[in-house]
Amino acid sequence: MDLKDLISYVTRALVDHPDQVEVNAVEGDRTTVFELRVAPDDLGQIIGKQGRTIRAVRAILAAATTRSNQRAVLEVLE
């Protein structure tokens, strides 16, 4: 399972409209930026209270990239 699939799997489990979850990867030299788009109704569920949910998803992503010399950033787009 690659990182894009991991982000997609985790976020689809959190939202009410899993069919509207999109994850795009923009790769740089050492950093990969993952752009996450969800339905407008699900934006609050992804961010969570005081950003706790998105912080947890970012922590999972960081843990998945520790063995490689890559850096991954997750951005939530509206």
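Would you say residue 72 is out of contact with any Asp or Glu (no Cβ under 8 Å at 6 or more places or on another chain), surrounded by 11 or more Cβ atoms within 10 Å (Cβ to Cβ) and of a type outside the set (Val, Ile, Thr)?
In short, yes.
Just to be sure I understand, how many residues within the range 18-49 are among the hydrophobic types (A, V, I, L, M, F, W, C), in contact (Cβ under 8 Å) with a residue 12 or more places away in the chain, out of contact with any helix residue (DSSP H, G or I) (no Cβ under 6 Å at 6 or more places or on another chain) and surrounded by fewer than 17 Cβ atoms within 10 Å (Cβ to Cβ)?
Within the range 18-49, residues that are among the hydrophobic types (A, V, I, L, M, F, W, C), in contact (Cβ under 8 Å) with a residue 12 or more places away in the chain, out of contact with any helix residue (DSSP H, G or I) (no Cβ under 6 Å at 6 or more places or on another chain) and surrounded by fewer than 17 Cβ atoms within 10 Å (Cβ to Cβ) number 2.
Name every residue in the range 13-39 that is farther than 15 Å from residue 65 by Cα and assigned to a strand (DSSP E or B), in order of residue number.
Across the range 13-39, the qualifying residues are 22, 23, 24, 26, 35, 36, 37.
Of all the residues that make up the range 58-68, how many are modelled with pLDDT under 95, under 21 Å from residue 22 (Cβ atoms) and not hydroxyl-bearing (Ser, Thr, Tyr)?
The number of residues fulfilling the criteria is 3.
Just for the range 4-23: of the residues that are of a type outside the set (Val, Ile, Thr) and under 9 Å from the mean Cα position of the chain (by Cα), which one is farthest from residue 48 (Cα to Cα)?
4
Would you confirm whether any residue within the range 26-38 is aromatic (Phe, Trp, Tyr) and under 13 Å from residue 77 (Cβ atoms)?
Yes, there is a match, as at least one residue in the range 26-38 is aromatic (Phe, Trp, Tyr) and under 13 Å from residue 77 (Cβ atoms).
Report yes if residue 6 is assigned to a strand (DSSP E or B) and either of a type in the set (Asp, Glu) or surrounded by 14 or more Cβ atoms within 10 Å (Cβ to Cβ) (or both), otherwise no.
no
Based on this model, can you work out whether residue 15 counts as touching a His at 6+ places or on another chain (Cβ under 8 Å), β-branched (Val, Ile, Thr) and surrounded by 13 or more Cβ atoms within 10 Å (Cβ to Cβ)?
When the stated conditions are applied, residue 15 does not pass them.
Take residue 52 and tell me if it is loosely packed, with under 13 Cβ neighbours inside 10 Å and of a type in the set (Lys, Arg).
yes
Would you confirm, using the coordinates I've provided, whether residue 55 is assigned to a helix (DSSP H, G or I) and charged (D, E, K, R)?
Yes; evaluated as a whole, the condition is true for this residue.
The values are calculated or read from the model by the stated rules, or taken from the named source; none is laboratory data. Predicted model only: the values in this text are computed from it and were never measured. Cβ sites come from the backbone with ideal geometry, for glycine too, and all protein chains shown count toward neighbours.
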